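The values are calculated or read from the model by the stated rules, or taken from the named source; none is laboratory data. No experiment lies behind these values; they were computed from the predicted model shown. Virtual Cβ from ideal backbone geometry, glycine too; neighbours counted across all protein chains shown.
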Amino acid sequence: MPQTPHIAFIGAGNMAQAILKGMLAAGYPQSKISASGRTQSKLDVLAADTGIHTSTDNLALCHQADVIVLGVKPHMMGDLVQSIAPAVDVSRQLIVSVAAGILANSIEIWLGKKVPIVRCMPNTPSLVGQGAAGLFATDRVSPTQKQTASTIMQSVGLALWVETEAHIDAVTAVSGSGPAYYFLMMEAMIAGAEKLGLTNDVAQQLVLQTAAGAAQMAQQSQQTPAQLRVAVTSPNGTTEQAINTFNDGDFSQLCSQAMTAAHHRSKELAQLFKA
């Protein structure tokens with residue numbers, strides 16, 4: 001693989017654009033990134049915004065690519081992969097899939113050939129450069145290709161490798177779906193603040209800043225989240241009353257049940273979309 005591989009994004013939706021724009025912001029050469037899509041007008045806007053080459057011709061982009069990033073929706077993946085199979089060179093190319101529920105084996109079946117594949121589960125905060133992604137590499141992926149995949153995903157946040165493909169389902173339940181869990185908590189806190197008499201604007205600003213501050217504090221501290229919680233929970237204080245209420249509702253168990261449900265659905269989808 002070249003020192004600066006050419007990367008083709010097949011599918012130029014929000015996630016693909018977040019990743020490629022993150023790469024450009026990190027200094028990756030415009031000439032080494034291309035993207036395809038079905039709507040020429042949208043591609044024209046992307047090309048004008050980023051300076052990269054765009055096309056509606058998937059095969060042409062795949063022929064010139066060292067890395068092919070598959071960014072279409074899961075239900076479209078089978079037809080897409082079969083259509084680009086003639087342009088996939090197993091001797092030099094890496095396939096990176098960012099589609100949920102698409103097994104590496106399914107991609108190989110659709111291609112009709114064995115090829116190095118990295119499965120990636122990014123999340124929506126990638127759109128603001130604060131993503132958290134899990135990656136899995138098949139046995140055919142070389143160390144250089146693995147590093148390239150890391151470079152791609154680290155451009156929009158944290159990228160961690162997991163040991164087995166099954167762990168991608170766990171990543172989906174944790175960070176893939178995780179932002180929505182926090183949005184739900186924010187939503188509930190804003191509603192609660194309004195019931196206490198605050199305006200919606202004040203409530204929203206306080207809740208969002210509190211969430212951002214708590215996350216940053218947890219990331220920068222040498223203490224665990226559990227230790228930080230204990231440190232700010234004074235005996236018989238206001239925080240303790242709130243925490244006791246959460247515990248009375250079995251908050252931890254509810255979180256575990258929610259994540260288990262997401263994990264189960266991720267496995268179901270993998271079977272639904274398999275080749």
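Hey, can you tell me all the residues within region 26-59 that are modelled with pLDDT of 95 or more and among the hydrophobic types (A, V, I, L, M, F, W, C)?
I33, A35, L43, V45, L46, A47, A48, I52, L59, listed by residue number.
Sort through S83, S126, S97, S91 and tell me the only one that's touching a residue at least 40 places away in the same chain (Cβ under 8 Å) and in the same structural domain as E165 (by TED's automatic domain parsing).
Numbers: S83 fails: touching a residue at least 40 places away in the same chain (Cβ under 8 Å); S97 fails: touching a residue at least 40 places away in the same chain (Cβ under 8 Å); S91 fails: touching a residue at least 40 places away in the same chain (Cβ under 8 Å).
Exactly one of S83, S126, S97, S91 is touching a residue at least 40 places away in the same chain (Cβ under 8 Å) and in the same structural domain as E165 (by TED's automatic domain parsing), namely S126.
Kindly evaluate A12 against the criterion of being in contact with a Cys (Cβ under 9 Å, 6 or more places away or on another chain) and either without any contact (Cβ under 8 Å) to a residue 40 or more places away in the chain or closer than 24 Å to L111 by Cβ (or both). If you could, list the steps in order and put the result at the bottom.
Working: in contact with a Cys (Cβ under 9 Å, 6 or more places away or on another chain): no; either without any contact (Cβ under 8 Å) to a residue 40 or more places away in the chain or closer than 24 Å to L111 by Cβ (or both): yes.
Judged against the criteria, A12 is not a match.
Taking into account only those residues within region 91-113 that are within 15 Å of M76 (Cβ to Cβ) and of a type in the set (S, T, Y), which is farthest from the chain's Cα centre (by Cα)?
This residue is S106.
Pick out the one residue from A48, A35, A60 that is free of Cβ contacts under 8 Å to residues at least 60 places away in the same chain and within 20 Å of the chain's Cα centre (by Cα).
A35 is the lone residue from the list that is free of Cβ contacts under 8 Å to residues at least 60 places away in the same chain and within 20 Å of the chain's Cα centre (by Cα).
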